[in-house]
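Enquirer: Sending over a structure as structure tokens; questions will come in a sec.
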Amino acid sequence: MKKEELQALQPQIYQSFQVILQQGRLAHAYLFSGDFASFEMAIFLSQAIFCEDKIAEIPCGQCRSCRLIERGEFTDVSIISPQGNTIKTETIRDLVKQFSQSGFESNQQVFIIRDAEKMHPNAANSLLKVMEEPQSDIRIFLLTNQEHAVLATIKSRVQIVPFPKNLLVLERLLEEEGVLKTQARLIARLVASIEEAKQLASQKSFLELMLVAKKWIDVLVKQPDKAYLQVGSLVRLVDEKSDQVRLFHLLTLLLAERMTEPIVLIYLENLQFAYLQWQGNVSLQNALEYWLLSTEKQVKG
Ligand SMILES: [Zn+2]
């Protein structure tokens, strides 16, 4: 990602780090909370450390080091992601060991750890221990979208920087990628990261789901009986569990946009129950049908 793009996505954070870099005050360990351009910021800061052609401490983005870092191929910048559901202690220990053995020649090292809440406590301890050794020059960027799940012992030893979702910028970004304005609005509200937004925007099946769901909600508000008969048209578009979760989010958002109509509030409230039923292994079709029937009964009764 170009620094101009990063700057547009997180203008305040970008500016703060610009000042921090220029004053040489970059901390040794950060926790970036929220997925919105946090990884890109970690890459940018790594470039700022290793760039061969900095201008006022800002990395050029062009030199060999900058390019290798961007591609995730620079030896002194390790990017660690969980394998399955955990970041293994051995993974971190191996890295730390490698680093300790490398001597003083290249004592600058950056660790970028994605989904840091999945790091085993022992792994976190190894990392924090080596960070606090006086001769080492290690920077650690922990990234998480679930700050509440990060161990308190870690949080107390790092600087926490929130990376909030910037809806307007995200919408604009999607529109620039050719997504329609109304669709960009919905996708921006649905997703938890830029990656996810771009992924959804490029998925034909999801774009179709949005269209069908929007039409279906229109029918629901005017002719609930007809909507009941069309539940299947929604269900057939979402086979995977993860897509079904998305459908619930999508219906919630679409209903929320029509809150001026009194009946919508009841549908919205009851949709929570349908979601819980579905989580409890009721089929999607049955959960949605029961949702419609019970709401109708409530309205008439
Ligand atoms: Zn550079």
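Enquirer: Output the direction-averaged projected area (hull surface divided by four) of the convex hull of the alpha-carbon atoms of region 1-133, in nm².
Expert: Values: hull surface 33.0 nm².
Averaged projected hull area, Cα only: 8.2 nm².
Enquirer: Projecting each Cα onto the charge dipole of the chain (Lys/Arg +1, Asp/Glu -1 at the beta carbon, about the Cα centre), which of I58, M210, G24 comes out farthest on the positive side?
Expert: Of the listed residues, the answer is M210.
Enquirer: Using a 1.4 Å probe on the protein heavy atoms, what percent of the accessible area of the chain belongs to carbon and sulfur?
Expert: 51 percent
Enquirer: Using the heavy atoms of the protein chains and a 1.4 angstrom probe, tell me the accessible area per residue for region 181-301 in square angstrom.
Expert: Accessible surface, normalised per residue, equals 54 Å².
Enquirer: Shifting gears a bit: If you take every DSSP beta bridge whose two residues both sit in the chain, what share of them, in percent to the nearest 5, is antiparallel?
Expert: Taking every DSSP beta bridge with both residues in the chain, the antiparallel ones total about 10 percent.
Enquirer: So, how do all the Cα-to-Cα distances of the chain break down into 10 Å bins, in percent, from 0 on up?
Expert: Distribution as computed: 6, 23, 26, 20, 15, 9, 2, 0 percent.
Enquirer: Give me the distance in nm between label points sitting 7 Å out from Cα along the Cα-to-Cβ direction at L268 and S283, one decimal.
Expert: Rounded to a tenth, the inter-label distance reads 3.1 nm.
Enquirer: So how strong a dipole does the chain carry about its Cα centre when Lys and Arg Cβ are +1 and Asp and Glu Cβ are -1, to the nearest 20 debye?
Expert: Computed charge dipole of the chain: roughly 500 debye.
Enquirer: For the Cα atoms of the chain, what angle does the longest principal axis make with the long axis of helix 121-131, in degrees from 0 to 90, nearest 10?
Expert: It is inclined by approximately 40 degrees.
Enquirer: Then there is this: If the cut-off is 15 Å between C-alpha atoms, which aspartates and glutamates fall inside it for K226, apart from same-chain ones fewer than 8 positions away?
Expert: D218, E289, E296
Enquirer: What relative contact order, as a whole-number percentage, does region 134-279 give when Cα pairs under 8 Å and 6 or more residues apart are counted?
Expert: Relative contact order here is 15 percent.
Enquirer: For region 139-202, what mean projected area does the convex hull of the alpha carbons give, in nm²?
Expert: 5.3 nm²
Enquirer: Still on this structure: Are any of the pairs K2/K181; K88/K129; K88/K118; K181/K204 more than 20 Å apart by Cα-Cα distance, and if so, which?
Expert: Correct reply: K2/K181.
Enquirer: With each run of n ≥ 4 DSSP H residues scored as -39500 (n - 2.57), what mean residue ellipticity at 222 nm is computed for the chain after dividing by its residue count and rounding to the nearest 500 deg cm²/dmol?
Expert: Computed ellipticity for the chain at 222 nm equals -17500 deg cm²/dmol.
The values are calculated or read from the model by the stated rules, or taken from the named source; none is laboratory data. The shown structure was predicted, so the numbers you read here are calculated from the model rather than taken from an experiment. Because the Cβ atoms are built from the backbone with ideal geometry, glycine has one as well, and the counts that use them run over all protein chains shown. In case anyone asks, the SASA skips ligands and DNA or RNA and just uses the protein heavy atoms, side chains included. Shrake-Rupley method; radii C 1.70, N 1.55, O 1.52, S 1.80 Å.
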